[in-house]
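Scroll down for the structure; my scribbles are underneath it.
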Amino acid sequence: MPVNREWDATSYHKVSGPQTSWGQRVLARLVVRGDERAIDAGCGSGRLTGELLARLPAGRLVAIDRSWNMLQTARANLRPTFGARVAFVQVALPALPFDAWADLVFSTATFHWIADHAALFASVFAALRPGGRLHAQCGGGPNLAEAHALAEGVMREPGFRPYFEGWSGAWTFASAAETRDRLEAAGFTGVVTSLEPAPTTLAGEADYREFVTTVIYHPHLSRLPEPLRPRFIDEVTARAATQDPPFTLDYWRLNMQATRPSSASRGHDR
């Protein structure tokens, strides 16, 4: 079954306030010199990318994303301010086309979309220069368990069931312990991981519908023919209205920091 993996970048830029807010807190914990070469792994529409670039006045940044729509929106948002200091590359993680280039790999709200975290962290390690750092956050642990349970109830209905047979989802919500072990196995040192709750209540039905259509249930909708998509959102929204409090998303964020050792045997400085 063909699945559309593209995003509505304009809508995402509009509704991604929660992701931006979490990312700003992640960015606030990041200490930089200001001249680093950075990779924003999963730049989205560029809202956080611009804030990171503003903290690197003598640095350079490569913004990567799987979505061509997101990259074009990010380019339109960032190029007028940052010019040639920012480049844009379409990349499908876990593969990163960099060899010991970056001082920093920064990422928020992206890594949970990657199935193979062992391969992802090995690729990040290879992209970093010795002494380079990973500073990231994504969904983890019990992230959106209730939201996905609502969707699963709809998916089991006869009109929807055939489109989800054999589908196990599009996410990897790892624990802090699993992530620590995977980062250390990839060769990182100074690994720090943690989980934190980030429940998010939308203002009302209209905001909820727009948000989950664009972000949460985007993979579900991509499996359905166009005429069934509004009905799927109708059904999920009706269930979400009965929650206490209604229209609440049970987000959990997985934080990670790690360093490629200066004496690492893999890769080389350039």
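The values are calculated or read from the model by the stated rules, or taken from the named source; none is laboratory data. This one's a predicted model, so the numbers in the text were calculated from it and none came from an experiment. Positions of Cβ are backbone-derived with ideal geometry, glycine not excepted, and every protein chain shown enters the neighbour counts.
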(message) Out of everything in segment 88-124 that is aromatic (F, W, Y) and crowded, with 24+ Cβ neighbours inside 10 Å, what residue ends up being nearest to L27 (Cα to Cα)?
(response) F106
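Taking the options L61, L48, L52, name whichever one is of a type outside the set (V, I, T), touching a helix residue (DSSP H, G or I) at 6+ places or on another chain (Cβ under 7 Å), at pLDDT below 95 and closer than 23 Å to L183 by Cβ.
Exactly one of L61, L48, L52 is of a type outside the set (V, I, T), touching a helix residue (DSSP H, G or I) at 6+ places or on another chain (Cβ under 7 Å), at pLDDT below 95 and closer than 23 Å to L183 by Cβ, namely L48.
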(request) Look through segment 214-229, keep the residues that are more than 14 Å from G169 (Cβ to Cβ) and not in a helix (DSSP H, G or I), and return whichever of them is nearest to the chain's Cα centre (by Cα). (result) L224
(request) Kindly indicate the residue of segment 125-136 that is of a type in the set (A, V, I, L, M), within 20 Å of S262 (Cβ to Cβ) and touching a strand residue (DSSP E or B) at 6+ places or on another chain (Cβ under 8 Å) and also surrounded by the most Cβ atoms within 10 Å (Cβ to Cβ) among those meeting that condition. (result) L128
(request) Would you please name the residue that is nearest to F173 (Cα to Cα), looking only at residues in segment 196-210 that are among the acidic types (D, E) and touching a helix residue (DSSP H, G or I) at 6+ places or on another chain (Cβ under 7 Å)? (result) E210
(request) Identify, by number, the condition in (1) in a helix (DSSP H, G or I); (2) touching a Phe, Trp or Tyr at 6+ places or on another chain (Cβ under 6 Å); (3) crowded, with 19+ Cβ neighbours inside 10 Å that T73 doesn't meet. (result) (2)
(message) Given (1) more than 22 Å from A170 (Cβ to Cβ); (2) at pLDDT 90 or above, identify the lone condition not met by A41.
(response) (1)
(message) Out of the residues in segment 187-210 meeting the condition of being assigned to a strand (DSSP E or B) and over 18 Å from the mean Cα position of the chain (by Cα), tell me which one is farthest from T259 (Cα to Cα).
(response) T201
(request) Give just the number: which of (1) within 20 Å of the chain's Cα centre (by Cα); (2) more than 27 Å from G17 (Cα to Cα) does G132 not satisfy? (result) (1)
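Determine if segment 250-266 includes at least one residue that is under 30 Å from R37 (Cβ atoms), buried (at least 18 other Cβ atoms within 10 Å of the Cβ) and among the small types (G, A, S).
So far as segment 250-266 goes, yes, one or more of its residues are under 30 Å from R37 (Cβ atoms), buried (at least 18 other Cβ atoms within 10 Å of the Cβ) and among the small types (G, A, S).
Quick grid of which residues meet (1) touching a strand residue (DSSP E or B) at 6+ places or on another chain (Cβ under 9 Å); (2) in contact (Cβ under 8 Å) with a residue 40 or more places away in the chain:
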site	(1), (2)
G34	no, no
D40	yes, yes
R55	no, no
R66	yes, yes
G83	no, no
A92	no, no
L96	yes, yes
D99	no, yes
(message) Tell me the residue from V31, V3 that is at pLDDT 95 or above and either under 30 Å from Y163 (Cβ atoms) or among the β-branched types (V, I, T) (or both), please.
(response) V31
(request) Scan (1) among the charged types (D, E, K, R); (2) surrounded by fewer than 20 Cβ atoms within 10 Å (Cβ to Cβ); (3) under 16 Å from E146 (Cα atoms) for the single condition E210 breaks and write down its number. (result) (3)
(request) For segment 137-186, name all the residues that are part of a loop (DSSP other than H, G, I, E, B), surrounded by fewer than 20 Cβ atoms within 10 Å (Cβ to Cβ) and more than 17 Å from the chain's Cα centre (by Cα). (result) R156, E157, P158, G159, F160, F164, E165, G166, W167, S168
